[in-house]
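The structure appears right after this line, and notes come after that.
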Amino acid sequence: MTKPSRKAIIIGAGIAGPVAAIFLKRAGIEARVFEAWPYSAGIGGGLQIAPNGMHVLAEIGLADEMIRRGSIAESFDFYSQSGARLGSINRNMQQRFGQPAVNMSRATLNEAIINKAWCENVELAFEKRLVSIEDRADQPIIAHFADGTSAEGDFLIGADGVHSAVRAHVVPDGPKPFDTGLIGFGGFVPRSMFENTPIGQRVETTFGQSGYFGYGFCSSDPQDGVMWWSTQPSHGIDAATFRAMSQDAIKRHLLTFHAGWHDPIPQLLQAAEIIVVTATLDVATLPTWWRKRVLLIGDAAHATSPHAGQGASIALEDAYRLVRTLQDEGEIGIAFQNFERERRPRAERLVALARRNGSQKREFSRTGAWIRDHMIKLTLPLTARSQDWIYGYDVRDVRTPPQMSGRHDRLAA
């Protein structure tokens, strides 16, 4: 087997970047990670890593730690705005798929991944904002940063998220992130709020006539052990405008928006303190994920809205499958082509699913909401069975596609 090039530059220290660097390092490939922002372990709200993502965390030795520091989700339950139960999915995940679905704070996950990368002697540099890439034949690829420094390597991986700077190099004048018209609010509240409620280890979510609300345990921390989120139509007010408001003003908006929703939603919002506001962004399908010796992975390649709960998990899948593809094919361009050919169908199917799910969280008429709720109640049993393709996917069992012969045009583009 031909060995791949030995030095990788990775742009982005979110989820996919450091995990890819860990796998590259284990495969004997030097990997350096560069992040535009300062190091911070306290950012973001809550998220769930599904079984398909937990398989990857198990491969780097973090699955047990995240189960211990997070909270296993035993089901995902749905309610109407009045509190009528619509149904449940995602039961018995560990027994069915080999790993559980685990709720956690994004900060906890990021901290664990970064610490693991450091423990495996991966070099990470923060406050390194990419400004340009030089990719000339028969020379090292060079990444130039805003502080005047640069880095050289044999190939470059763009794992820098929905606002990817690397994407602009791979697809000049390509699609830009666009606002889907939904805004996300979220945060954490103390576990004591649910001491006398039967929530257990379920994630409970509610469809309103306008918007959506969810909550569930995400850690054993008594102060921040419950994550919550609200998704709602923007009505022309973007996320930046909300972020410019005081926390009290944001809380008043949320209490007004969710007035009349079933308990414990009003009480949970009253207890909320630090409220994070995010735009719900999407990116149209890219014509390509790679160009010469530069490849996009994670949200940089296939940014997905959060409505399928798979953004972090498929980014983890990308990190694992990238390195396996490089191990199977030493020629960088062919390896990148094979990676995209393997990963694109699954990623785009998940992006499309997230878009469809998001359409259920927009504003409905009273009659429209009633019809939607009853359709959810009728179709959930089918939905539960039809999603095995998502959670039953195990990166370790995927076969790399047959090697593409010849050199693709983009190698010389």
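The values are calculated or read from the model by the stated rules, or taken from the named source; none is laboratory data. Because the structure is a prediction, the values reported are computed rather than measured. FYI the Cβ positions are ideal-geometry reconstructions off the backbone, even for glycines, and counts take in every protein chain you see. Ligands, DNA and RNA are excluded from the accessible area calculation, which covers all protein heavy atoms including side chains. Shrake-Rupley method; radii C 1.70, N 1.55, O 1.52, S 1.80 Å.
Carbon and sulfur atoms: what percent of the 1.4 Å accessible area of the chain do they account for?
On the way: 8990 of 17810 Å².
Summing carbon and sulfur atoms, their accessible area is 50 percent of the total for the chain.
With semi-axes defined as the square roots of five times the eigenvalues of the C-alpha gyration tensor, the equivalent ellipsoid of the range 91-154 measures 37, 16, 12 Å, largest first. Two numbers describe the Cα atoms of the range 179-306: Rg and Dmax, which are 17.2, 58 Å. Per the Debye formula on identical point scatterers at the alpha carbon atoms of the range 284-331, with no solvent, log10 I(q)/I(0) at q = 0.15, 0.16, 0.24, 0.29 Å⁻¹ is -0.45, -0.51, -0.96, -1.15.
Under a Cβ-only charge scheme (Lys and Arg +1, Asp and Glu -1), can you give me the dipole magnitude of the range 248-303 about the Cα centre, in debye to the nearest 20?
The dipole of the range 248-303 has a size of about 460 debye.
Along its three principal directions, the equivalent ellipsoid of the range 36-100 from the Cα gyration tensor extends over semi-axes of 27, 20, 9 Å, largest first.
Each listed q (0.09, 0.10, 0.16 Å⁻¹) maps to a log10 I(q)/I(0) for the range 245-392, found by the Debye formula over equal Cα scatterers with no solvent: -0.45, -0.54, -1.01.
Solvent-accessible surface (1.4 Å probe) assigned to LYS292 amounts to roughly 50 Å².
Volume per residue of the convex hull around the Cα atoms, evaluated for the range 16-58, comes out as 95 Å³. From most to least packed by mean Cβ count within 10 Å, the peptides 364-373, 306-315 give 306-315, 364-373.
In this structure THR278 has an accessible area near 70 Å², from a 1.4 Å probe over the protein heavy atoms. Over the range 51-192, what is the mean sequence separation of C-alpha contacts under 8 Å (at least six apart), divided by residue count, expressed as relative contact order in percent? About 14 percent, as a whole number. Looking at the range 1-104, the DSSP beta bridges with both ends there are about 65 percent antiparallel.
Keeping all protein chains in place, calculate the accessible area per residue for the chain (probe 1.4 angstrom), answer in Å². Normalised by residue count, the accessible surface of the chain is 43 Å². Just checking the listed ones, ILE157, ILE265, ILE297: in the Gaussian network model of the chain with Cα springs under 10 Å, the one fluctuating most is ILE265.
Using the Kirkwood formula over every pair of different C-alpha atoms, what hydrodynamic radius in Å results for the range 300-354? Let's see the in-between values first.
On the way: mean 1/r = 0.0857 Å⁻¹.
Answer for the range 300-354: a Kirkwood hydrodynamic radius of 11.7 Å.
Between helix 16-26 and the chain there is an angle of about 40 degrees, using the helix long axis and the longest principal axis of the Cα atoms.
Defining a contact as two alpha carbons under 8 Å apart and six or more residues distant in sequence, what relative contact order in percent does the range 265-391 show? Working shown, then result.
Numbers: 79 pairs, mean separation 28.2, N = 127.
Reported as a whole number, the value is 22 percent.
Where does the range 134-242 land on Rg/Rh, using Cα atoms and the Kirkwood Rh? Reported Rg/Rh, Kirkwood definition of Rh: 1.18. Once the mean of 1/r is taken over each pair of separate Cα atoms and inverted, the chain shows a Kirkwood hydrodynamic radius of 22.1 Å. With viscosity 0.890 mPa s and temperature 25 °C, the Kirkwood radius over alpha carbon pairs of the range 55-143 converts through Stokes-Einstein to a diffusion coefficient of 145 µm²/s. When you restrict to C-alpha pairs under 8 Å that are six or more residues apart and normalise by the size of the chain, the relative contact order lands at 23 percent.
Ordering THR108, GLY153, ALA303 by the projection of their Cα atoms onto the charge dipole of the chain, which places +1 on the Cβ of Lys and Arg and -1 on the Cβ of Asp and Glu, puts ALA303 at the extreme positive end.
Given the peptides 381-388, 254-261, 164-171, arrange them by the average over their residues of other C-beta atoms within 10 Å, most packed first. Display every interim value, and only then the final one.
Values: 381-388: 11.9, 254-261: 15.9, 164-171: 22.1.
So the order, starting with the most tightly packed, is 164-171, 254-261, 381-388.
Per-peptide packing, taken as the mean over residues of other Cβ atoms within 10 Å, places 230-237, 73-80 in the sequence 73-80, 230-237 from highest down.
Computed from backbone phi, the HN-Hα couplings of the range 262-269 come to 5, 5, x, 4, x, 5, 5, 5 Hz, rounded to whole numbers (Karplus: 6.51 cos²θ - 1.76 cosθ + 1.60, θ = phi - 60°; Gly and Pro given as x).
Using the rule -39500 (n - 2.57) for each DSSP H run of four or more residues, divided by the residues of the chain, the 222 nm mean residue ellipticity is -11000 deg cm²/dmol.
Global dimensions of the range 1-134 from alpha-carbon coordinates: Rg and Dmax equal 18.0, 61 Å. Extension gain, ARG252 to ALA240, is 2.6 nm, computed as 0.36 nm per intervening residue step minus the present C-alpha separation.
Given the chain, what percent of its DSSP beta bridges are antiparallel, to the nearest 5? Walk me through the numbers before you get to the answer.
Values: 46 of 67 bridges.
Looking only at bridges with both residues in the chain, the antiparallel portion is about 70 percent.
In this Cβ point-charge picture (+1 for Lys and Arg, -1 for Asp and Glu), the chain has a dipole of about 860 debye about its Cα centre. Cα-based radius of gyration for the range 242-330, normalised by 2.2 N^0.38 Å, reads 1.64.
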